[in-house]
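For reference, the structure is listed below as structure tokens.
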Amino acid sequence: MIVSAGKFSYRVIEDWGQGPEGTTIDGHTAGFAFGTEGQVYVSRYNSGTRRILVFDTAGRFIREWGKDVVLETHYLGVGPDGMVFSPDPRDHTVRKFTPEGELLMTLGTANQVGEPGMPFNGPTKVVVTAAGDFFVSDGYNQNRIHRYSPDGKLLYSWGEAGSEPGQLNQPHGMCLDPWGRIMVADRMNHRVQIFTQQGKFLEQWDTAGLALPHDMCVDQDNIVYVNDGNMVPHEGRINIFTLEGELLGRLAVNDYTPPVSSWMHGINVDADRNLYITDLAGVHKLERV
């Protein structure tokens, strides 16, 4: 099956990823992150005892970990040293692990909401800079972004509830662009906002027809991919932009029609410009053709 949006065409790879005992990934997957040595991490959402699954790039299962530590996982972040960050929106923490699943650091107090404006109250994603600083979107229950030093020291926070430029309404996903700017999927405001790493508002994309943007990523050609839930029941979309916010095309799919379900959650892109989508059913690979 080939799906296309303008010059962007993809072959749908069904059933990417084999879990334990050779079974396909089942259920709601939250995020998809690339490690530094060929590993791929898939986070499970509302996942029973399964938390973080590790694969190779071909989708072959390697191991899983986190079931005795993590209550729930959301969008994972991987640092330049290969360490894995897991934001937990249910117990209001961010944890840092080795690629093998050894817990190195816990930020926040498990099952305790932070003070207003302070970490954490439903964190959603972690992005890590080349220098090792990392940013956490504290998006489900407050509208803040926190910046940390590599050793886990809170440097500062920004963001407040609202719909004006620079204000946020459920910052759900983030990514770093090639210039080091923080791109935020401001989900309930139906837009993308862009900030400096110091939290200064730069610009917003709110005229491109975005609706419930969940997550975003940027490839090596500076193409930006934003997945949204749309406002039409049972329809989700992949929106394709230039780095300046020009809309290049959309992949729209109907209810549970391959390649993705009606409620896409995570999106990522590899070095070959292939897209990976997480949704209610698992992980779907869209191979660029």
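The values are calculated or read from the model by the stated rules, or taken from the named source; none is laboratory data. Nothing here was measured: the structure is a model prediction, and the numbers come from that model. Cβ coordinates were reconstructed from backbone atoms using ideal geometry, including for glycine residues, and neighbour counts include every protein chain displayed.
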Checklist entry - strands (runs of 3 or more DSSP E) wholly in the range 70-171 with at least 3 residues that are under 18 Å from F201 (Cα atoms) - which ones? => result 134-138, 144-148, 154-158
Next on the checklist: Please go through (1) closer than 25 Å to G6 by Cα; (2) more than 16 Å from the chain's Cα centre (by Cα); (3) at pLDDT 95 or above for V192 and return the number of the only condition it doesn't satisfy.
Outcome noted: (2)
Checklist entry - So which residues in the range 141-154 are surrounded by 13 or more Cβ atoms within 10 Å (Cβ to Cβ) and touching a strand residue (DSSP E or B) at 6+ places or on another chain (Cβ under 8 Å), if there are any at all? => result Q142, N143, R144, I145, H146, R147, Y148, P150, G152, L154
Checklist entry - Which ones in the range 133-166 are among the aromatic types (F, W, Y) and in contact with an Asp or Glu (Cβ under 8 Å, 6 or more places away or on another chain)? => result Y148
Checklist entry - Does the range 160-179 hold any residues that are over 25 Å from M105 (Cα atoms) and not polar (S, T, N, Q), and which are they? => result E160, A161, G162, E164, P165, G166, L168, D177, P178, W179
Checklist entry - Does T36 qualify as being hydroxyl-bearing (S, T, Y), loosely packed, with under 15 Cβ neighbours inside 10 Å, modelled with pLDDT under 85 and part of a loop (DSSP other than H, G, I, E, B)? => result no
Next on the checklist: Step by step: first the residues of the range 172-190, then only those that are charged (D, E, K, R) and either touching a His at 6+ places or on another chain (Cβ under 7 Å) or surrounded by 22 or more Cβ atoms within 10 Å (Cβ to Cβ) (or both), then the one that is farthest from V127 (Cα to Cα). Which residue is that?
Outcome noted: R187
Checklist entry - If you check N239, N169, N222, which single one turns out to be surrounded by 23 or more Cβ atoms within 10 Å (Cβ to Cβ) and not small (G, A, S)? => result N239
Next on the checklist: Exactly one of these conditions fails for Q220: (1) in contact with a strand residue (DSSP E or B) (Cβ under 7 Å, 6 or more places away or on another chain); (2) modelled with pLDDT of 90 or more. Give me its number.
Outcome noted: (1)
